[in-house]
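The values are calculated or read from the model by the stated rules, or taken from the named source; none is laboratory data. The shown structure was predicted, so the numbers you read here are calculated from the model rather than taken from an experiment. A quick note on method: Cβ atoms are made from the backbone with ideal geometry, for glycine too, and the neighbour counts reach across all protein chains shown. What goes into the accessible areas is simple: the full protein's heavy atoms, side chains included, and nothing from ligands, DNA or RNA. Shrake-Rupley method; radii C 1.70, N 1.55, O 1.52, S 1.80 Å.
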Amino acid sequence: MLNKEIVAKINKQINFELYSAYVYLDISNYYADQNLNGFANWFKIQTQEERDHAMLFMDYLLQNGEKIVLTDIKGPSFEFTDFRQPAVEAFEHEVKVTAAIHDIYGAAYEIKDFRTMQFLDWFVKEQSEEEKNTDEIIKRYDLFGNDAKGLYLLDSELAARVYTPPTLVI
Ligand SMILES: [Fe+2]
């Protein structure tokens, strides 16, 4: 059994991870519409990762005999006006996800819920990767994206990303 507050926070996080999947799907669709299929591919894979994160949080609740409460997922309402903006939105979104995970970690720490802290360790590390990856897209776009050939090469590079399932086993 887990603490009720922790369960509520994890349920909220499940919704947030699924919303994250929506955010990246929206970004992927924007790039696909702009014929930047490499960028679209990268963000579509990001969508799969977020769905996996939600699944991991769900598995953790199930593993501990707790109820999962699925609620409405908000639709993203972005109106992108340039190729750089979605990457910035992605980075800023990841910073928010990091804060949400740290919030659960903080609550677990307060009540000495070592099990949840250990479970969250993987996510804490994952978030530093997520922030780095999205920040890198912005920086590489700033370096190469303003030139048609550079943008083409960057798009080709992002097209090479393949989906790898998470390494965390519940
Ligand atoms: Fe995530």
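Accessible surface of the chain, 1.4 Å probe: 55 percent of it comes from carbon and sulfur atoms. In this simple spin-label model, placing a label point 7 Å from the Cα along the Cα-to-Cβ direction at both residue 80 and residue 112 gives a separation of 4.9 nm. Electrostatic tally near residue 31: other residues with Cβ closer than 15 Å to its Cβ, Lys and Arg +1, Asp and Glu -1, net -3.
Once the 1.4 Å probe is applied to the protein heavy atoms, region 4-159 comes out at 53 Å² accessible per residue. Each residue of region 66-76 was assigned a 3J(HN,Hα) from its phi angle through the Karplus curve 6.51 cos²θ - 1.76 cosθ + 1.60 (θ = phi - 60°); the sequence is 9, 7, 9, 10, 8, 10, 4, 9, 5, x, x Hz, with glycine and proline shown as x.
Taking 0.36 nm per residue of separation and subtracting the Cα-Cα distance, full extension of the segment from residue 73 to residue 152 would add 25.0 nm. When peptides 37-47, 96-106, 82-92 are ranked by their average number of other Cβ atoms within 10 Å per residue, the highest-first order is 37-47, 82-92, 96-106. Between residue 37 and residue 135, the distance separating the two model label sites (each 7 Å from Cα on the Cα→Cβ line) works out to 3.3 nm. For the chain, modelled as a GNM whose springs connect Cα atoms under 10 angstrom apart, the maximal fluctuation among 127, 34, 13 occurs at 34. Fully extending the segment from residue 63 to residue 8 would add 18.3 nm, taking 0.36 nm per residue of separation and subtracting the current Cα-Cα distance.
Only helices reaching 15 angstrom along their own axis (Cα) with mean Kyte-Doolittle hydropathy no lower than 0.0 count here, and for the DSSP H runs of the chain these are 148-159.
Look at the Cα gyration tensor of the chain: its axes a ≥ b ≥ c give a/c of at least 1.5 with a/b over b/c, and that counts as prolate.
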